[in-house]
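Below: the structure, in structure tokens.
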Amino acid sequence: MGKATYDALIVGAGPAGSTAAFLLASCRLKVALLDRRDFPRPKLCGGLLTWKTIRLLETVFQITPRTLAENDVLRHATREYAVCDRCRREVLRTLDHPFHLVDREAYDHFLLQRAISAGADFHSGKAVASVDLARCEVATQNGEKWTGRFIIGADGVHSRVRRTLLHARKIAEPRHPGLAAALECVVPRQPGALPDHPSIYYGYIPWGYAWSFPARGGQILGIVALKAKAGRRIRAGFRNFLAYHDLADTNALPIRAHAIPYGNYLDTPGNANVLLAGDAAGVADPFLGEGIYYAHRSGQLAAQAVIESRSKPESAAGLYRDGLRRVIHPELRYAHAGRQIIFALPTSLYYPVLTVLLRLMPKVCEETIQGKRTFRWFRRVKTLPGDPAHSSAMGFSNQRFL
């Protein structure tokens, strides 16, 4: 079959791919967005948006929480959250800025439609069979070939583009190898039986945590842990967590499993004019597991690198690496350090240690999660509200590109 030629080929139409496609198409580049699935498609995720994610959506897409609600994407908003343990102890807190919980199936589809409206060509059912780095060419399983001046692999934790780069020795293995395994299910909500705010539970699994998030028509219950440390205990931990919520008949529940990045981010996620974004680049919070923000942010930085290197495509990976090192990698590095300290303790100590921190420094902890403060306070570096570094802690500005 014939070749289709574009300025940029983007593999994967999740938040990272749609963000990059939207920005590049808005700059009048010819963009192809390929995905092996049709949209909307089911997606495992708690769907929690922090303040920094809302700020990014407003900056890049001009999307507000009201926009999400009007398009039936937003399922819940709350200022409350809880940290709990298996002994039914709980610390309940109220945030200055609410958490927004979205339906990921609807959220991803909505953002994809924004990319298409900006001019990107979307092609579903295009599972990638191979990537030719020298020719900048992607071959799909149906025999089609697609070429571009740039390739952005936003095709998830098992990225074909990433595997190709690793096999060709164009990128190095991550400095901190490791994936997390997650189990998740949606259960019916009974009034008063489950909290109507996000709750994180410690004590069920080493090197991880469980969660309960309100969902449309039910409640999302899940557990995640570093696979190399927790291994087979993840499924047993999830059964115990479900039993805690009086859901002992786990055989009747549609439990789904998936892998997520958990500290295995790549120092240079790309080579020349081939870049990796989102889970393919390993950019997710290695302590709390937040991935949506980092997917968007890496997609934004990848698009910026493409724009800046149009006259010299081979310089894209270096520009992208520099952007990541400026605004994403420091956060991941310090979050990873915090995780190593906390999770190296006995599992029974996770809750008391974390809740002591939460009681002693509630604003510091909450502002760190929301992105109003960086994780650098682990190194005792403070950003004060009057300091210019405070408002730009996560590298925000009023522009789509930074």
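A short reminder: the numbers here are calculations on the coordinates, not readings from a lab. All values reported here derive from a predicted model rather than from experimental measurement. Ideal geometry is used to build each Cβ from the backbone, glycine not excepted, and the neighbour counts take in all protein chains shown.
Summing charges over neighbours of Gly318, with a neighbour being any other residue whose Cβ is under 14 Å away from its Cβ, gives +1 when K and R count +1 and D and E count -1.
Based on the Cβ-Cβ distance of Leu349 and Ala69, what FRET efficiency does E = 1/(1 + (r/R0)^6) give at R0 = 51 Å, to the nearest 0.05?
Working: r = 40 Å, r/R0 = 0.78.
Computed FRET efficiency for Leu349 and Ala69: 0.80.
Close amide H contacts of Ile255 (hydrogens built in the peptide plane, cut-off under 5 Å, sequence separation of 5 or more or a different chain): none are found.
Couplings for region 160-167, taken from phi via the Karplus curve 6.51 cos²θ - 1.76 cosθ + 1.60 with θ = phi - 60°, read 5, 5, 4, 4, 5, 5, 5, 4 Hz in order; Gly and Pro are left as x. Shown here are the Rg and Dmax of the Cα trace of region 220-313, at 18.3, 61 Å. By the helix-only formula, in which each DSSP H run with n ≥ 4 contributes -39500 (n - 2.57) and the sum is divided by residues, the chain has a 222 nm mean residue ellipticity of -10000 deg cm²/dmol.
Each Lys or Arg adds one and each Asp or Glu takes one away; over the other residues whose Cβ falls under 14 Å from the Cβ of Glu105, this sums to +1.
Once both labels are positioned 7 Å from their Cα atoms along Cα-to-Cβ, the gap between Arg28 and Ala257 label points is 5.1 nm.
Anything over 29 Å Cα to Cα? Flag those among Lys30/Lys170; Lys43/Lys145; Lys52/Lys145, in the order listed. Working shown, then result.
Details: Lys30/Lys170 26 Å; Lys43/Lys145 27 Å; Lys52/Lys145 38 Å.
Cα-Cα > 29 Å for Lys52/Lys145; rest within.
Under 5 Å from the amide H of Ile205 lies no amide H of any residue 5 or more positions distant or on a separate chain, with H modelled from the backbone and absent for Pro and chain starts. Placing unit charges on the Cβ atoms only, positive for Lys and Arg and negative for Asp and Glu, gives region 74-192 a dipole magnitude near 320 debye about its Cα centre.
Close amide H pairs (under 5 Å, H built 1.01 Å from N) link Ala284 with Gly263, residues at least 5 positions away or on another chain. Considered as an equivalent ellipsoid built on the Cα gyration tensor, region 1-101 has semi-axes of 36, 17, 11 Å, the largest given first.
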